[in-house]
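Reviewing the structure listed below.
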Amino acid sequence: MVTFGKLNLDTDFEYRVIREEENDLDLFIDLNYRSLDIKLEDSNFFNSRVQFPFVRSIILRLNKESDIITMHLMRDIDLFSAFANFEINISNSIISIKNEYEKVVMYKSIK
């Protein structure tokens with residue numbers, strides 16, 4: 001597990017910092033065109049998960065002092081190829097991005 005500001009990240013994938021300015025940080029996580037399942041057991045809107053097929057990479061944008069990060073799902077290596085993005089509250093939690101055979105499972109757990 002690694003920590004960037006308030007983000008506790010547990011991942012099987014390689015990551016790299018692609019931008020860092022003062023308290024802002026962008027992390028690039030290469031998924032190599034796998035399907036991404038986001039588990040949502042505690043959601044009041046979805047039943048269990050949301051799946052995004054064929055995801056090239058994830059960019060996590062964070063401010064090191066904030067409890068909110070923005071996740072961008074990328075279709076290609078190009079930084080302008082995002083096809084979905086959303087915010088996640090990361091307070092007192094661990095964000096896990098794990099490889100499960102030919103898909104990726106992402107979930108949030110209490111720290």
Over region 2-110, with neighbouring protein chains present, the accessible area per residue in Å² at probe 1.4 Å is 59
P(r) over all Cα-Cα pairs of region 46-108, 10 Å bins from 0 to the longest distance, whole percent per bin, short to long, reads 19, 50, 30, 1
Here region 6-11 yields Karplus 3J(HN,Hα) values (6.51, -1.76, 1.60; θ = phi - 60°; whole Hz; Gly and Pro given as x) of 8, 7, 9, 10, 10, 9
Which of Asp37, Asp78, Asp26 fluctuates most in a GNM of the chain (C-alpha springs under 10 Å)? That residue is Asp78
Accessible-area order for Val17, Val104, largest to smallest, probe 1.4 angstrom, reads Val17, Val104
For region 2-110 the mean separation of alpha carbon contacts under 8 Å (6+ apart) over residue count, i.e. relative contact order in percent, is 28
Of the listed pairs Lys39/Lys103; Lys6/Lys108; Lys39/Lys98; Lys6/Lys103, those with alpha carbons more than 18 Å apart are Lys6/Lys103
One computes Rg over Rh for region 1-49 from alpha-carbon atoms, with the Kirkwood Rh, and obtains 1.05
Semi-axes in Å, largest first, for the chain (Cα gyration tensor, √(5λ)) are 20, 18, 13
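The values are calculated or read from the model by the stated rules, or taken from the named source; none is laboratory data. Being a predicted model, the structure only gives us computed values, none of them experimental. For the accessible areas, the whole protein counts, side chains as well, though only heavy atoms, and no ligand, DNA or RNA atoms are used. Shrake-Rupley method; radii C 1.70, N 1.55, O 1.52, S 1.80 Å.
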